Amino acid sequence: MALFLWQFAFTPRAWERQMGQHISPFEHLGDKVAGQYGGKVHQCWYAFGEYDITAVVEMPDNESMAAYVLALNSSGYLAAGKTTVLMSMEEGESALNRAGKAMDLR
């Protein structure tokens, strides 16, 4: 399973629908939709700045994450977004070792 950092901004209409509710619709809907692609939303936070929500999402692969983001984008409630693939420290170290061997640095 792969982890992703997903940041997105709501449209004004989405903000309006959330007002007065006790839970973010994304927290429930986001995890429910993620499950349809074999994934899970581990955690999400409201944020200041360019993006309104920052979430850590686990998906089986990149294609599943892309389908998930596209499905939620089609709701019309998201104005902008950014997806970052997260690698474990072990994966990063392995990539560094592979790159070093390819560049004949060892």
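The values are calculated or read from the model by the stated rules, or taken from the named source; none is laboratory data. These figures come from a predicted structure and were not determined experimentally. Every residue, glycine as well, gets a Cβ built from its backbone with ideal geometry; the counts of neighbours run over all protein chains shown.
A few remarks follow.
- Pairs meeting the criteria (first residue in the range 73-88 and touching a residue at least 24 places away in the same chain (Cβ under 8 Å), second residue surrounded by 13 or more Cβ atoms within 10 Å (Cβ to Cβ) and in a loop (DSSP other than H, G, I, E, B), beta carbons under 6 Å, at least 6 apart or on different chains) are Y77/T11; A79/T11.
- Residue under evaluation L72, criteria (1) out of contact with any Pro (no Cβ under 9 Å at 6 or more places or on another chain); (2) at pLDDT 95 or above, criterion not met: (2)
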